[in-house]
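The values are calculated or read from the model by the stated rules, or taken from the named source; none is laboratory data. Small disclaimer: the values here were computed from a predicted structure and weren't measured. Here Cβ is always computed from backbone atoms with ideal geometry, including for glycine, and neighbour counts include all displayed protein chains. What goes into the accessible areas is simple: the full protein's heavy atoms, side chains included, and nothing from ligands, DNA or RNA. Shrake-Rupley method; radii C 1.70, N 1.55, O 1.52, S 1.80 Å.
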Amino acid sequence: QYNKSDLPGVLTRAQLDAHLNSLGRPSRTAAAIDGAGVVESLRMILEQAILPIRPGREADFEAAIRQARPLVADMPGFMDIRVLRGIESPSHYLLLVEWDSVEAHEVGFRQSPNYQQWRELLHHFYDPFPTVEHYAPIEF
């Protein structure tokens, strides 16, 4: 999130991305004085799944998930994706996808042609099939 976007002479989001966002992460601008972009930057749903990969197929899965990433990243409502490999259980991966709403995932992505391609690339690696859950931040 790039703050203070309402000030005169600030760089555009594209300029900031070029200088600061070499990984191509989702970005947005915000201006607290009028609230533009602030609520959107705080609102997020986290999709979580433990992906149990068939032993011996980890390298193939990792190549496939890299190939599949653009399929989800191009979707409206997508914010970020991370995949972490288990240390104690190296055939287990933790999938974390940030969405701006559950609907962006459950309706927008899951009912899209991109999801059909995602399934073809990834679902045959799972044993058993993972459970997907959504989480919302709490205030504390």
(request) Scan (1) modelled with pLDDT of 95 or more; (2) part of a loop (DSSP other than H, G, I, E, B) for the single condition ARG82 breaks and write down its number. (result) (2)
(request) Would you please list the contacts, defined by Cβ atoms under 6 Å and residues six or more apart or on different chains, that run from a residue in segment 113-140 that is more than 21 Å from ASP60 (Cα to Cα) to a residue that is modelled with pLDDT of 95 or more and part of a helix (DSSP H, G or I)? (result) HIS134/VAL102
(message) Let me spell it out: the conditions are (1) of a type outside the set (A, V, I, L, M, F, W, C); (2) modelled with pLDDT under 85; (3) loosely packed, with under 12 Cβ neighbours inside 10 Å; (4) closer than 25 Å to PRO137 by Cα, and ARG43 meets all of them except one. Which number is the exception?
(response) (3)
(request) Within segment 102-131, track down each residue that is within 20 Å of ASP74 (Cα to Cα), open to solvent by 30 Å² or more (accessible area, probe 1.4 Å) and outside any helix (DSSP H, G or I). (result) ARG110, GLN111
(message) Please go through (1) open to solvent by 70 Å² or more (accessible area, probe 1.4 Å); (2) over 19 Å from GLU120 (Cβ atoms); (3) modelled with pLDDT of 95 or more; (4) not acidic (Asp, Glu) for GLN67 and return the number of the only condition it doesn't satisfy.
(response) (2)
(request) Identify all residues within segment 2-24 that are open to solvent by less than 90 Å² (accessible area, probe 1.4 Å) and modelled with pLDDT under 75; write none if there are none. (result) SER5, ASP17, ASN21, GLY24
